[in-house]
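Asks: My structure is below; once you've seen it, I'll send some questions.
Nothing in this text is a laboratory measurement; each read-out follows from the coordinates by a stated rule. Everything numeric in this text was worked out from a predicted model, so none of it was measured. Methodologically, a virtual Cβ is constructed for each residue, glycine included, from the backbone with ideal geometry; neighbour enumeration extends over all protein chains shown.
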Amino acid sequence: MRFGFSTAGESHGPAEVTLVHGVPAGMDLVSEDVNRDLSRRQQGYGRGGRQKIERDEVEFLGGLRHGKTLGSPLSMLIRNMDYANWEMRMTPEPVERGKHSEPVTLPRPGHADLAGMQKYAFDDLRNVLERSSARETTARVAAGGVAKKLLSEFGIEVRSAVYRIGEAACDKERAALDAAKADASDVRCPDPEVAERMKAEIDAARYARDALGGEFVVVAEGCPPGLGSYVDWRDKLDARLAAAIMSINAMKGVEFGLGFEVARRRSSEVQDEILLEDGRLVRASNRLGGLEGGMTNGEPVVVSAAMKPISTIAQALRTVDLSTGEPARAFRERADSCAVPAAAVIGESMVAVVLAEAFLEKFGGDNMTDIRSAHEAYLQRIQDTHRAAGNGG
Ligand code: EPS
């Protein structure tokens, strides 16, 4: 089966669950490969009280034996510690209506609440918000840990950095180059001076009972040329990466390399010229973010995204009480005031999952040994072609 994953779980339900399919047999995998990113996702300046309750750690339920994948579906569980406080309101067992939980009927502008109630014929928006909550991204990051582990076996590393929160911003290109330093910052911004301004913006928004969005960049280094394809629209890697990024809660835009800036420039200031240096094909720049014709071109893949501010805010916005039809103020619940640093880690995970899927399409096999052989043979062939070109042959 093709590499990919599904998730299940409600924010205050018993657990988040991830099922990853298409994982090759024989890959080394330990809890730490997943827990590392689960912990990074939980961090970040601007988080609310929930992360003090949760301690996200994976339990493998299937697909792994003695630290090696079996090629069978990899099943992972992350418990919601907060379920202990929500058990009566969230129990899967039938309860007497209204006894354990009052229906929530004040939809928040910007959340899935209203359209979700209309679509699924609910009269309690808790049925919507529990699944539309960004808590679900915990399960995605678990899948991302597996994808990253696979990619790292072939020299591909995926990192991220935050380059804007509200009005506080640094250069996107610089942030992408310095992404390795982002883990040291609690806003995931590699520029310490801008990081301080970002934190001040978050404090000011929180003080005003409001929330802030921002922008982050994900960089994948070490991708061989030719992941994805130009021959069919479904296979185009940039389209698949865009869909994966846009599936993250609160994303409103995605860009590659220079992004929308390309629309303002002339062609000669946009394309990345091809040079032959010491028998190797190299690029004079990476303005297109490592993607041409829906394929990787061997340069770092650079994807950035814009996140809107969180819609659950203390300064409740106008809405309508759906139980009475009267004007009201939106439902308020404990929430983050900024989750852009966490979103950057989730972005890494989604990019890693798409790259792993494309990697296995290109070099696919049931087990790591066969994949390694296919990968090495391909790199050798394209390297030999370059050499021949360098020799005029
Ligand atoms: C979220 C609301 C908050 C966030 C949550 C996403 O949860 P709670 O209502 O329990 O305080 O903390 O994010 C997470 C729990 C998480 O792990 O990222 C929402 O409404 O989307």
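Asks: Cα extents of segment 179-332 along the three principal axes, largest first, in whole Å?
Replies: 70, 41, 29
Asks: Let me ask another. Calculated from DSSP H runs of 4 or more alone, at -39500 (n - 2.57) each and per residue, what is the 222 nm mean residue ellipticity of the chain, nearest 500?
Replies: On the way: 11 runs with 134 residues, N = 393.
Estimated from H runs of four or more residues: -10500 deg cm²/dmol.
Asks: Name the residue from Ser132, Val194, Thr69 whose Cα lies farthest towards the positive end of the charge dipole of segment 4-390, charges +1 on Cβ of Lys and Arg and -1 on Cβ of Asp and Glu.
Replies: Most positive-ward Cα: Ser132.
Asks: How large are Rg and Dmax for segment 29-101 when calculated on the C-alpha trace, in angstrom?
Replies: 16.5, 48
Asks: Output the peptides 108-115, 235-242, 85-92 sorted from most to least packed, where packing is the average of other Cβ atoms within 10 Å over each peptide's residues.
Replies: Working: 108-115: 18.8, 235-242: 20.4, 85-92: 13.9.
Going by the mean number of other Cβ atoms within 10 Å, highest first, we get 235-242, 108-115, 85-92.
Asks: Compute the normalised compactness of the chain: alpha-carbon radius of gyration over 2.2 N^0.38 Å, N being the residue count.
Replies: The chain yields a ratio of 1.06.
Asks: Quick one: check the C-alpha center-to-center distance for segment 151-200 versus segment 65-89, whole angstrom.
Replies: Taking the Cα centre of each part, segment 151-200 and segment 65-89 sit 30 Å apart.
Asks: Going through the cross-link list Lys68/Lys252; Lys52/Lys181; Lys99/Lys308, which pairs have a Cα-Cα distance over 29 Å in this structure? Please report the intermediate quantities before stating the final value.
Replies: Working: Lys68/Lys252 38 Å; Lys52/Lys181 25 Å; Lys99/Lys308 36 Å.
Over 29 Å Cα-Cα: Lys68/Lys252; Lys99/Lys308.
Asks: Find the centroid of the Cα atoms in segment 232-279 and in segment 18-35, then give the distance between the two in whole Å.
Replies: With segment 232-279 and segment 18-35 each reduced to a Cα centre, they are spaced 29 Å.
Asks: On to the next question. Let me make sure I get this right: for segment 46-169, a, b and c are the square roots of the gyration tensor eigenvalues over alpha carbons, sorted descending. Under 1.5 in a/c it's rounded, otherwise prolate if a/b > b/c, else oblate. Which is it?
Replies: oblate
Asks: Something else: Write out the trypsin sites (Lys or Arg not before Pro) in segment 1-48 meeting two conditions: DSSP loop, and at most 15 other Cβ atoms within 10 Å of their Cβ. Don't jump to the answer; show the numbers that get you there.
Replies: On the way: sites: Arg2, Arg36, Arg40, Arg41, Arg47; in loops: Arg2, Arg47.
Qualifying residues, ordered by number: Arg2.
Asks: Within the chain, which whole H helices from DSSP have a Cα span along their axis of at least 30 Å and a mean Kyte-Doolittle hydropathy of 1.0 or more, if any? Show your work: numbers first, answer last.
Replies: Values: long enough: 340-363 (33 Å, 1.42); 368-390 (33 Å, -0.84).
Helices passing the filter in the chain: 340-363.
Asks: Using only Cα atoms, figure out Rg for segment 336-389 and give it as a multiple of 2.2 N^0.38 Å. Working shown, then result.
Replies: Details: Rg = 17.2 Å, N = 54, 2.2 N^0.38 = 10.0 Å.
Relative to the 2.2 N^0.38 Å estimate, segment 336-389 comes out at 1.72.
Asks: Using the Cβ atoms and a cut-off under 13 Å, what net charge is assigned to the surroundings of Ser133, where Lys and Arg are +1 and Asp and Glu are -1?
Replies: Details: positive: Arg50, Arg108, Arg126, Arg131, Arg135, Arg140, Arg334; negative: Glu10, Glu16, Glu54, Asp82, Asp113, Glu130, Glu136, Glu333, Asp336.
With Lys, Arg at +1 and Asp, Glu at -1, the net is -2.
Asks: I need the peptides 363-370, 56-63 ranked by packing, meaning the mean over residues of other C-beta atoms within 10 angstrom, with the highest value on top. Intermediate values should be presented prior to the final figure.
Replies: Numbers: 363-370: 15.2, 56-63: 16.9.
My ranking of the peptides, most packed first, is 56-63, 363-370.
Asks: Related question: Given bins 10 angstrom wide, list per bin the percent of all Cα-Cα distances in segment 264-312, short to long.
Replies: Answer for segment 264-312: a P(r) of 22, 40, 21, 12, 4, 1 percent.
Asks: Regarding segment 270-393, what whole-number volume in Å³ per residue does the convex hull of its Cα atoms give?
Replies: Working: hull volume 25.8 nm³, N = 124.
Roughly 208 Å³ of hull volume per residue.
Asks: Which value, in Å to one decimal place, does the Kirkwood hydrodynamic radius take for segment 192-278 when every pair of different Cα atoms is included? The partial results should precede the final answer.
Replies: Numbers: mean 1/r = 0.0590 Å⁻¹.
For segment 192-278, inverting the mean 1/r across all distinct Cα pairs yields 16.9 Å.
Asks: Any chance you could get the radius of gyration and Dmax over the Cα atoms of segment 102-230, in Å?
Replies: Values for segment 102-230 (Cα only, Rg and Dmax): 19.1, 55 Å.
Asks: Turning to a different aspect of this structure: Ranked from highest to lowest mean number of other Cβ atoms within 10 Å per residue, what is the order of the peptides 164-170, 376-382?
Replies: By packing density, highest mean first, the sequence is 164-170, 376-382.
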